[in-house]
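The values are calculated or read from the model by the stated rules, or taken from the named source; none is laboratory data. Everything quoted here is computed from the prediction, not taken from an experiment. Positions of Cβ are backbone-derived with ideal geometry, glycine not excepted, and every protein chain shown enters the neighbour counts. Only protein heavy atoms, including side chains, enter the accessible area calculation; ligands, DNA and RNA are left aside. Shrake-Rupley method; radii C 1.70, N 1.55, O 1.52, S 1.80 Å.
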Amino acid sequence: MNQAEKEAYLREYSILKNQGKPFFPYAVAKDSVMAVVVMIVIIFLAAMFGAELGPKADPTTTTYVPRPDWYFYFLFEVLRVMRNIPKFTDLATIGVPTICMILLFLLPFYDRSPERRIERRPVALAAGLTTIFAMAFLTYTGANTGSPNTVDLQPPASLTAQQKAIFRAGALVVGNSGCLACHVLGNNGNDGPGPPLTHIGRILRPEAIASTLRNPTAPMPSFAALAKQNPRQFYDLINFLGELQ
Amino acid sequence: MPKLPSPPLPKALRPAPRRPGEPDEKQATTPIEVAADAGISVVDWIDERTSLSGGIRWMMFRKVPRGINWFYTLGSATMFAFLNQAVTGVFLAMYYRPDAAGGAYESVRYLTDQAFLGQLVRAMHKWGASVMIILIFMHMARVFFFGAYKYPRELTWIIGVVLLILTMAMGFTGYLLPFDQRSYWATIVGVNINGTGPFLGPYLSDFLRAGPEFGATTLSRFYAIHMMLIPGLIAALIGAHLYLVSKLGISAPPWIKAQEEPELRQTTL
Ligand code: HEM
């Protein structure tokens with residue numbers, strides 16, 4: 001908008017405002033009706049569905065699949081999808097959510113046309129509808145998939161049932177420890193800065209993996225604290241990586 | 001100094017100018033009149049010291065343009081959902097203990113199973129969060145499709161985006177507090193994902209965890225952020241948001257065009 005358009009808008013607006021009604025009681029009346037509706041909806045939902053409390057938090061179990069609240073599903077889903085498309089892993093590390101947030105912040109600065117009627121703003125209309133459908137779709141698919149930090153690797157058939165259980169537990173530790181931020185494991189994780197771990201068992205023996213985790217080269221963080229506080233999880237982790245032939 | 005708008009009283013109720021021959025000031029005689037006078041003098045006393053009435057008149061009796069419709073109630077509905085969170089949150093805080101060793105879970109269990117209406121209040125807080133998120137997105141969609149973020153309301157929009165992020169952050173930090181399996185593991189993963197973000201990511205997740213590991217102080221930190229830091233910020237920013245809305249005037253629906261009416265000239269001059 002240039003100066004003339006700004007002034008035209010302000011002039012037009014002051015006429016419209018002068019022809020309007022006082023905020024109190026006209027707008028306040030509508031707002032109050034809406035407030036009552038909101039309150040009724042909240043009480044209705046609360047009375048109908050209540051609030052459950054699951055089993056107590058237990059840091060030693062790793063067999064729990066983490067679920068965020070529903071309004072974060074779309075975020076989790078974006079991260080999961082981006083990580084699984086190799087071309088986009090760089091984008092995912094720059095942070096698709098960060099980019100979206102910046103775009104949202106700056107909207108008034110790159111959309112500078114004076115037009116306000118949506119039927120005359122085809123780009124805004126398309127972008128708005130696309131965003132709504134994308135968020136609805138991602139929330140829906142996010143509701144039906146695991147979390148982005150799960151590792152979809154299956155244990156080799158040659159293992160015994162007990163070894164398979166340890167394999168799965170180790171995969172969960174990897175998912176919950178943030179390794180996927182820097183390493184690829186099968187279809188999951190980011191390609192870099194760390195090397196892929198999909199076949200790490202071929203390259204390093206379990207003892208070597210364990211010492212890497214205790215004394216890694218920067219920028220990889222040390223997991224010595226995990227080994228000390230949770231030897232069981234650490235053992236599962238090493239075992240899992242060692243099996244990745 | 002521009003003239004402040006006055007209350008939109010119907011003609012019959014507006015104070016009439018004193019007629020010649022009437023006494024200067026009517027003496028209060030009945031108890032009701034005395035009580036009303038006492039009330040007025042208290043209000044006057046406060047107003048003499050604060051000049052609040054000017055601000056209230058400015059806020060409440062400003063005009064909203066023609067054509068305002070139900071979509072314009074979504075912002076205040078969001079604010080109302082926030083008030084619901086604040087009030088139910090205070091009651092939850094009366095029972096909650098941020099103790100990762102088991103106290104937190106136990107206190108929520110007590111609240112859910114035993115405290116009078118505890119289950120209902122907790123459910124209202126929980127579902128209120130979802131309702132607030134839905135309303136804030138609907139409000140944002142209304143602002144977007146009406147082009148209401150354009151000149152001169154850009155700053156209102158930016159404060160709005162901050163409010164959106166803070167509201168999501170409330171959802172995230174509140175999720176850990178019951179300290180059951182679900183909240184614990186979801187939060188661990190959430191914080192780790194945070195750590196993969198660009199630039200500030202690792203620092204942010206270290207800040208949230210209160211260190212490189214998810215430990216006993218993590219819960220108190222989430223508690224403090226959820227109970228004091230973010231609610232304070234949200235309340236302050238809602239104030240700034242509403243100040244800007246009143247200052248700039250609420251935008252008219254984009255399809256309404258001003259007609260130059262002959263009466264208008266008379267009323268504005
Ligand atoms: C805690 C959350 C929020 C509260 C309590 C809130 C409250 C309000 C209220 C009461 C209004 C008056 C008009 C109306 O109700 O439509 C308003 C207007 C506005 N809001 Fe919000 N809002 C919030 C979040 C947001 C967000 C997320 C955005 C966008 C990113 C936003 C952008 C705006 C803009 C640009 C206006 C001016 C609209 C106009 O003049 O027509 N707000 N807000």
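Here is how the numbers come out for the structure above:
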read-out	value
Residue check, B:G89 crowded, with 16+ Cβ neighbours inside 10 Å, of a type in the set (G, A, S), more than 13 Å from the chain's Cα centre (by Cα) and within 16 Å of the ligand (Cβ to nearest atom)	yes
Residue satisfying condition, being more than 41 Å from the chain's Cα centre (by Cα) and open to solvent by 40 Å² or more (accessible area, probe 1.4 Å), within set A:K17, A:K30	A:K17
Total residues in segment A:100-148, condition open to solvent by less than 70 Å² (accessible area, probe 1.4 Å), without any contact (Cβ under 8 Å) to a residue 40 or more places away in the chain and β-branched (V, I, T)	1
Test for B:L229: is it modelled with pLDDT of 95 or more, assigned to a helix (DSSP H, G or I) and within 11 Å of the ligand (Cβ to nearest atom)	no
Residue within segment B:60-68 that is in a helix (DSSP H, G or I), over 30 Å from B:A123 (Cβ atoms) and within 16 Å of the ligand (Cβ to nearest atom) present	yes
Meets criteria (of a type in the set (S, T, Y), near the ligand (Cβ under 10 Å from one of its atoms) and in contact with a helix residue (DSSP H, G or I) (Cβ under 7 Å, 6 or more places away or on another chain)) for B:S246	yes
Subset of segment A:110-131 [part of a helix (DSSP H, G or I) and within 7 Å of chain B (Cβ to nearest Cβ)]	A:I118, A:G128
Filter result for B:T78 (closer than 30 Å to A:I43 by Cβ, of a type in the set (S, T, N, Q), within 13 Å of the ligand (Cβ to nearest atom) and free of Cβ contacts under 8 Å to residues at least 40 places away in the same chain)	no
Residue within segment A:9-31 that is in contact (Cβ under 8 Å) with a residue 40 or more places away in the chain and either within 16 Å of the ligand (Cβ to nearest atom) or in a helix (DSSP H, G or I) (or both) present	yes
Residue check for A:L244: open to solvent by less than 30 Å² (accessible area, probe 1.4 Å), under 22 Å from A:T150 (Cα atoms), in a loop (DSSP other than H, G, I, E, B) and not small (G, A, S)	yes
Which numbered condition A:G189 fails, given (1) surrounded by fewer than 21 Cβ atoms within 10 Å (Cβ to Cβ); (2) within 14 Å of another protein chain (Cβ to nearest Cβ); (3) at pLDDT below 85	(1)
Residue, nearest to A:P59 (Cα to Cα), within segment B:203-217, restricted to residues that are more than 9 Å from every other protein chain (Cβ to nearest Cβ) and crowded, with 16+ Cβ neighbours inside 10 Å	B:R209
Hits in segment B:145-172 (condition: of a type in the set (F, W, Y) and open to solvent by 30 Å² or more (accessible area, probe 1.4 Å))	B:F145, B:Y151, B:F172
Selection from segment B:43-59 of residues that are touching a residue at least 12 places away in the same chain (Cβ under 8 Å) and open to solvent by 40 Å² or more (accessible area, probe 1.4 Å)	B:R57, B:W58, B:M59
Selection count where residues are in contact (Cβ under 8 Å) with a residue 12 or more places away in the chain, surrounded by fewer than 23 Cβ atoms within 10 Å (Cβ to Cβ) and at the interface with chain A (Cβ under 7 Å from one of its Cβ atoms), scope segment B:173-189	2
Pick from segment B:147-165, criterion within 6 Å of the ligand (Cβ to nearest atom) and in contact (Cβ under 8 Å) with a residue 40 or more places away in the chain, ranking: farthest from B:F71 (Cα to Cα)	B:L163
Subset tally (residues that are surrounded by 15 or more Cβ atoms within 10 Å (Cβ to Cβ) and either of a type outside the set (G, A, S) or more than 7 Å from chain B (Cβ to nearest Cβ) (or both)) for segment A:33-48	7
Residue match in segment B:233-248 (condition: open to solvent by less than 40 Å² (accessible area, probe 1.4 Å), closer than 24 Å to A:A225 by Cβ and in contact (Cβ under 8 Å) with a residue 24 or more places away in the chain)	no
Only one of A:A225, A:A208, A:A218 that is in the same structural domain as A:A165 (by TED's automatic domain parsing) and under 26 Å from A:D58 (Cα atoms)	A:A225
B:T73, sole failed condition from (1) in a loop (DSSP other than H, G, I, E, B); (2) free of Cβ contacts under 8 Å to residues at least 12 places away in the same chain; (3) among the β-branched types (V, I, T)	(1)
Per-region count, segment A:220-241, residues among the hydrophobic types (A, V, I, L, M, F, W, C) and not in a helix (DSSP H, G or I)	2
